[in-house]
Amino acid sequence: MARISSSSESSKKSSSNSKKRYGIELLPEELMLKIFVLLPVVTLLRCKSVCKSWLSLILNPQFVETHLIESRKRQPLSILKLLGDQFYIDTDHKTSSHLQLPEHFTVVTGSVLCCNGLVCLANLECDTIYLWNPMIRKFKILPTPKFKPTPVARTFHFCSFKLGFGYDGFCNDYKIVRIVLYTAYARYKTRDFVYSVHVEMYSANEDSWKEIEIPESIKFFKFYPSGEVGVFLPQTHGVLYFEGFYELLSFDLHEEVFRVYPYHVPGKYPIYERNEPRMSRLLNFEGSLAMIYAESIDVGESFYSLWTFDVDCGNVSWTKQFNIENRSEDDLVILYLDDGQFIVVKKKYFGPGSNYYYYTKKLAKKFLPPPGSFICTVAKYSESLVSLEGFEELE
C-alpha cells in the first residue's frame, strides 16, 4: 500500500508541476499580446526561446509594428552616440552602454540616422552604407550606389553629400535618399562653373538603388553645408526634409517628389558676422519640423524662439511655440530629445563643449563624453524588433 500511495502522490506532484510549468503558455494569445507589447526588446529576445508559439508571435510583422508603436509611448528615449569610432547607447543621460559592431564597420562614419529602431550608417562619401538594428544584433551591407562624382569635381572644386533615411508607410518600405552635389570647372582656364545635383534612392523592398529625376526647381538649390542629413518625421508617412540656405527642401518617399518651401523670416535680424538668424539645425520637435531663430530686441540684445513648420493643402505656415532663455549666440541646437531637452554644441566645434539645455527648467547641464574620446555625432533612438530581408546575425 505504501508503494502505491507513494507512486500516486508522485504522479500527482508530477501532474501539478506540469501544469505550473506550462500554464503560462496556455494563456489566450490576446492576453499574451497585451503582455508582450509592454516588454522591452531585450526581454522579448529571451522569450523567443521559450516555445515555438511565443517565437511565432514575437516574429509576427503585425506584432513587431504594434510593439514599435507602444515602445515609443512607454520605453525611455535613448541617445545613440558615436564617440570616435565607437558607438554607445545612453538611456538615462547619465550612463552609456557600449554597442558591439560587426567587423565590417571599420570605415570612417560620416552619417548616423535612425528610424524605427534601425540605424543607417554611411562613410563620408555616402557610398558605403549599412542598416543595423543594435537591439536584435543584426545588420546588412547595402548595394553600392550607382552614381559617383567625376574626377573633375573632386580635383578642381567642391563636392558634398547629403543622406536621408525614412519609412514609407504606404508600401511598408524603408528608403534612403543619397544626394550628391558638386561644383566643377567646365573650362579650367576661363573658370566657368558647372553646378550639378544627382539623387538616388534605395528601397529595402527592392534591395536596389534607382536614380531620381531632378526637377528644375532644385537643380540650383543651395544646400546648407552643416545639414549633412535629412530630418524624417514618422507622422508624415514618409517625408524627408533638407536644410537649404534660403529655402527648405522636402522629398516625399512614396510619391518621389521634391518640393521647396520658404523659411520663417524673423521680424528683426540680429547683427552677427554673417547676419545668420538660425540658431539650430532642422529639428524634429514632438512630431513637427522646427527651427530656432534669433531676433533683435535692441542693439546688442537678442532673444531666441522655436518655430514649427506646417503645410496644409499647400499653404505653408510657421508658428511660434516659445522663447528660449539663457542662450548664447555661439550655441547651435542640433537635437530635441522629446522630454524637454535640447542637445547643444558650440558652433566652432563639436566635442566636449556639448551640453543639454532644459528649456522648461531654464538650466544647462554638461554632456561630456568618456575620458579620452570626443563626440562625433548623436541621434535619437527608439528600440524595436524591426528586421529586414538580408539581415545577418552579429558574430
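Each row is one residue, and each column tells you yes or no for (1) within 18 Å of Glu389 (Cα to Cα); (2) at pLDDT 90 or above; (3) surrounded by fewer than 16 Cβ atoms within 10 Å (Cβ to Cβ); (4) not basic (Lys, Arg).
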| residue | (1), (2), (3), (4) |
| --- | --- |
| Ile24 | no, no, yes, yes |
| Pro61 | yes, yes, yes, yes |
| Ser71 | no, no, no, yes |
| Ser96 | no, no, no, yes |
| Cys115 | yes, yes, no, yes |
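Out of Val199, Val229, which single residue is modelled with pLDDT under 85 and among the β-branched types (Val, Ile, Thr)? Step through it out loud before you land on a result.
Details: Val199 fails: modelled with pLDDT under 85.
Checking each option against the conditions leaves just Val229.
Hey, could you check segment 178-196 for residues that are of a type in the set (Lys, Arg) and in a strand (DSSP E or B) and say which is modelled with the highest pLDDT?
Taking segment 178-196 as the starting set, the residues that turn out to be of a type in the set (Lys, Arg) are 178, 187, 189, 191.
Those left that are additionally in a strand (DSSP E or B): 178, 187.
On the way: Arg178: 93, Arg187: 53.
Here the answer is Arg178.
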Fill in: Lys210, sole failed condition from (1) without any contact (Cβ under 8 Å) to a residue 24 or more places away in the chain; (2) assigned to a loop (DSSP other than H, G, I, E, B)
(2)
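The values are calculated or read from the model by the stated rules, or taken from the named source; none is laboratory data. All values reported here derive from a predicted model rather than from experimental measurement. Ideal geometry is used to build each Cβ from the backbone, glycine not excepted, and the neighbour counts take in all protein chains shown.
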